[in-house]
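Below is one structure, written out as structure tokens; the observations come after it.
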Amino acid sequence: MRAHALAAALDGRLIGRADAEVSRAVHPLEASCDGDVAIAVSPDTIRILDESRAKIALVLEGAKFPDQRFQTVIVVRGSRSSLPKITDVFRYRPDVQPGVHPSAVVAPDAVIGEGATIGPLVVIGPGASVGPHSTILSQATLAAGATLGTDCLVYPGVRIGWGCRVGDRAVLHHNASIGADGFSFVPTRPGALEAAQGAGSGALAKSERNELQKVHTLSIVEIGDDVEVGALTAIDRGTLKPTRIGSGTKIDDLVMIGHNVEIGVDCLLCGQVGLAGGVIVGDGAVLGGRVGVADHLKIGAWAVVAAAACVGTNVPAGAVYAGYPAVPRAEAMENLKLMRRVRRLVARLTEVRSGGVEGLQANTDNNGGRPWERR
Amino acid sequence: MRAHALAAALDGRLIGRADAEVSRAVHPLEASCDGDVAIAVSPDTIRILDESRAKIALVLEGAKFPDQRFQTVIVVRGSRSSLPKITDVFRYRPDVQPGVHPSAVVAPDAVIGEGATIGPLVVIGPGASVGPHSTILSQATLAAGATLGTDCLVYPGVRIGWGCRVGDRAVLHHNASIGADGFSFVPTRPGALEAAQGAGSGALAKSERNELQKVHTLSIVEIGDDVEVGALTAIDRGTLKPTRIGSGTKIDDLVMIGHNVEIGVDCLLCGQVGLAGGVIVGDGAVLGGRVGVADHLKIGAWAVVAAAACVGTNVPAGAVYAGYPAVPRAEAMENLKLMRRVRRLVARLTEVRSGGVEGLQANTDNNGGRPWERR
Amino acid sequence: MRAHALAAALDGRLIGRADAEVSRAVHPLEASCDGDVAIAVSPDTIRILDESRAKIALVLEGAKFPDQRFQTVIVVRGSRSSLPKITDVFRYRPDVQPGVHPSAVVAPDAVIGEGATIGPLVVIGPGASVGPHSTILSQATLAAGATLGTDCLVYPGVRIGWGCRVGDRAVLHHNASIGADGFSFVPTRPGALEAAQGAGSGALAKSERNELQKVHTLSIVEIGDDVEVGALTAIDRGTLKPTRIGSGTKIDDLVMIGHNVEIGVDCLLCGQVGLAGGVIVGDGAVLGGRVGVADHLKIGAWAVVAAAACVGTNVPAGAVYAGYPAVPRAEAMENLKLMRRVRRLVARLTEVRSGGVEGLQANTDNNGGRPWERR
């Protein structure tokens, strides 16, 4: 691609050499080849442009930078939010040949859409179907009766279980699991656990079994259009109805989505999020990294849950929650401030007591951290 | 299957058409075909039965519901705990042909039991053995010397490392890892870390290396009978003795079980649980979602640890723990209440100070949240 | 191997039969065969040596133990830190034949180094290269243009994405993902989320979409030498510069490393750690199990973050942090003590109030846990 074509694709203005060949988009300090385009769409990256060895720079309209340093400069309108458009020009497009690789194992009755690519060592089960122009890169599995929509990109090692349905334009990353069984068991002696706890020592239960009987998860996973599923993420199938992921929802790596969960459209679930069975997440909700939600709770539409929060109550629509356990963010912040105040208060009261405030007599605090023990 | 056969299988009573064909068990609102059986064994699902488009319903004895709505009703005794039995009738049974798929790579000296199925693109290493009637669906690995018992079901992408042993009737889900190396390293300069910390800035250590030497984990993973391992769960091998998982224990997705861990029988480990090296878990213990346990701790038999708890001490048999750090649940609840009380107390004392209580003088609180600073 | 050779390899002293055959290194209580060597290099294991059925023991110089019990005793200098050396003698070395297994799918232009082993059902993409004497066990993927150094060991199911670079002597465990896309999206209507939150109910946004546009992660993952990556760990590629893992760094299972992260040399990242996008970790840092670090933060060189800590601020070099949110460990410990003090203080003040301290009147506390409500 030439610089002028890049400028045109981004609706930008070109300064300098228009026919320079562009090959890669890079951070200014990573440029090493002639075709590298230093992308500087944030104050941080603009500031370091003069240290870049790039010959081509892409900057935002209005930015001040050492333009004489570059042979070619492309100026675009917008902000950091232009990155989707800019990076789309350069994005990875697997170099594949449509058709079924001879090493793939495809059931005779599976349906492979026009222009679809089934890569090496892929398994497509009986009755499964792959939509037109979808690419399954290698070593992935589409089990019996499962369906994949059009224009999907499936990375190596992805497992799509029997009967599960994935919509159009899905991107499924390395080793993700769609449609493993849910985790639901019933003890054969339901009271035994409580009895053991009542007994305190647990000793009485030592020699006994309390086998766990499986509730089979008979339904599937149903994924809308334009969904992205991160590497090593697990989405379990539902018991009597599908686990559902709405269109446009993006899920990061190592996320766990339990059985019967229902997620709305355009949600963001960051890395290592965990949703227990039956959780319902409204449209547009954002769950920060490592958020956990206990079973059967509801996260309202457009709610935001801050990273690492552990949710043990419903979260209203539009609310912002944080903390352990999660509470409205303002309250979580207040709790943290409160701890600092309390520390000072305790220090102060310790002094007051030493001075003999009425009704509060000082102990000799010689047993480490127990000054408030009454005499 | 006909409705009368289903009723008989569940020891239930049939009302209406006995020869109706049943095909799927579904949530009442998911019914769309004639063969769909609306399962209503909870108050919630019974309440919505009149909105169901199903022609067949399965309900609990004594439930009130619009029975004239259905052509066939099957009435069973029991409760929600009947779900294992009900769902077992309908559970997924892979449609496979016993034998070794021609695309599988099986070592000449591997032992494949009678009636076992080795699916496409599976690898079975030298000296490994698969028990009778076990099914390995596709693309999974049983490494050198590993053994799998009878009647197991292994989903695609499961990795069972060299020498590991899995008992009978195991169910291993997508991409689970049994027998990766444990995580144990010894620094070459053990004091360097402390020195750097003593120095505060850490600057002195900047240019130096402190290479980490691996303690090789020489032993295996040993899994009892009737164990289920969730998708993307890792169970690491032991150093000088096996990492052991007792019979009947069920493990959810994305769980991490470190080297040398020993887990008793009939335990439940929910999603994203993490057990560091050397943890011992007694029989029948229940670890809620995302529970973490620090290395070498003991969780007593029949103990319950609530979701998201971070365990930093031993947990006695039969105890119920919760929180960060985990404490007895009653104490954890009390701590939460305490924070609410303290908030009110601090608010009250702030007022008292403003009024000039002896020894506590009000600051002009103009530095944000520091009212307890002494003058 | 004979006992005298083992003693020589460990620079140890031999007592008893020198030509005894040694086969396995085991915990004293796990010995069952003649060739088993009971390893007792800790007080705990020395104490139980007299219960061992081993005929050969390996102990530390100076340890007291029932030596007449064993036919052969090997005495080594050192401590528990000798385990790397001891276990290295016995470590697993896969029994493989150099060369490309006929079932592997290797692009014609891929470069396979001398003495390298490409196991069954492995995929090596166009332009990829595998260094000399590296072993890829089975069913793993090295995508287009990716490179693997010399003497590496790659376990089944590992996925190395297009263009990623892994150095020498790497050990990559079951199903790890190197180079999945980063998680970075920009909403089409950026203000919509805030508007919904301002509106409180979120109702206004119910019917609207707010599509998420992907920032493509165009760069790669770059891994130094002597790095270990645990089972089911994900390391995402960078946006405009590589995600970088320094030489000598060891990463446990189920760890998530976001896009643009940079990790120094000789770091330890324990199980289930999560680093959000752009995090920088200095040389020699140690992150305990389940530590989470929010995006763009810096963990200084030689810092230690205790297990389960959730880091929301930069951590200085050489510092030790702990807690939720993470603070210097001393402060975290103090906070826990503080809660205990506060509990006693509140109990005390409740009594004081009941007694009628000026300005603090007792409520009739009949609404459960609200004794500090003012009248």
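The table below gives the values:
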read-out	value
Placed amide H near B:V281: partners under 5 Å, 5+ positions off or other chain	B:E262, B:I263, B:G264, B:I299
Hz values of 3J(HN,Hα) by residue in the stretch B:110-126 - Karplus curve (6.51, -1.76, 1.60), Gly and Pro given as x	6, 10, 10, x, 4, x, 7, 10, 10, x, x, 6, 7, 10, 10, x, x
Nm distances between copies for B:R77, ranked from closest, using label points 7 Å along Cα→Cβ	7.6, 7.6
FRET efficiency for C:D11 and C:V111, using Cβ-Cβ distance with R0 set to 51 Å, rounded to 0.05	0.80
Share of carbon and sulfur in the accessible heavy-atom surface of the protein assembly as shown [1.4 Å probe, %]	52
Amide H within-cut-off set for B:A104, under 5 Å, with H built and near neighbours excluded	B:L121, B:V122
Those residues of the stretch B:288-333 for which accessible area with every protein chain present is at least 30 Å² below the isolated value (1.4 Å probe)	B:R290, B:W302, B:A308, B:A317, B:G318, B:Y324, B:P325
Qualifying lysines (Cα of each under 30 Å from Cα of A:K298; at least 8 residues distant if same chain)	A:K214, A:K241, A:K250, A:K337, B:K64, B:K85, B:K250, B:K337, C:K206, C:K214
Cβ charges +1 (Lys, Arg) and -1 (Asp, Glu), total dipole of the protein assembly as shown, debye	3720
Estimated vicinal HN-Hα couplings, Hz - the stretch A:138-146 in sequence order (Karplus 6.51, -1.76, 1.60; Gly, Pro = x)	6, 6, 8, 10, 10, 6, 3, x, 6
For chain C: accessible area per residue (Å², 1.4 Å)	39
Within-13-Å neighbourhood charge of B:L29 [Cβ basis; K, R +1; D, E -1]	-2
Per-residue ³J(HN,Hα) for the stretch C:6-21, Karplus 6.51 cos²θ - 1.76 cosθ + 1.60, θ = phi - 60°, Hz, x for Gly and Pro	4, 4, 5, 4, 9, 6, x, 10, 10, 10, x, 5, 8, 9, 4, 7
Mean separation of Cα contacts under 8 Å, 6 or more apart, over the residue count of chain C: relative contact order %	6
Summed buried accessible surface, chains B and C, 1.4 Å probe, nearest 100 Å²	6000
Label-point separation, C:E61 to C:S23 (7 Å along Cα→Cβ), nm	3.2
Net charge of Cβ neighbours under 11 Å - reference A:I257; Lys, Arg +1; Asp, Glu -1	-1
Rh (Kirkwood; distinct C-alpha pairs) - the stretch A:3-90, Å	12.4
Computed E for A:E194/A:R53 - FRET, C-beta separation, R0 60 angstrom, nearest 0.05	0.30
DSSP loop GluC sites (Glu not before Pro) with at most 13 other Cβ within 10 Å: longest gap in chain A	A:115-357
Other-chain or far-sequence residues with amide H under 5 Å of A:V320's (modelled H)	A:V304, A:R329
Highest-MSF residue in chain A out of A:S138, A:S247, A:S32 [GNM, Cα springs under 10 Å]	A:S32
Distance between the stretch C:18-33 and the stretch B:270-326 - C-alpha centres, whole angstrom	33
Area projected by the alpha carbon convex hull of the protein assembly as shown, averaged over all directions, nm²	49.4
Local net charge near C:P187, Cβ-Cβ under 12 Å (Lys/Arg +1, Asp/Glu -1)	0
Listed residues C:A140, C:L268, B:H173: farthest to the positive end of the dipole of the protein assembly as shown (Cβ charges)	C:L268
Over chain A: helical MRE at 222 nm, DSSP H runs n ≥ 4 each giving -39500 (n - 2.57), nearest 500	-4500 deg cm²/dmol
Distance in nm between pseudo-label sites at B:R2 and C:R77 (7 Å out along the Cβ direction from Cα)	8.6
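The values are calculated or read from the model by the stated rules, or taken from the named source; none is laboratory data. Not measured: the values here are computed from a predicted model. Cβ coordinates were reconstructed from backbone atoms using ideal geometry, including for glycine residues, and neighbour counts include every protein chain displayed. For the accessible areas, the whole protein counts, side chains as well, though only heavy atoms, and no ligand, DNA or RNA atoms are used. Shrake-Rupley method; radii C 1.70, N 1.55, O 1.52, S 1.80 Å.
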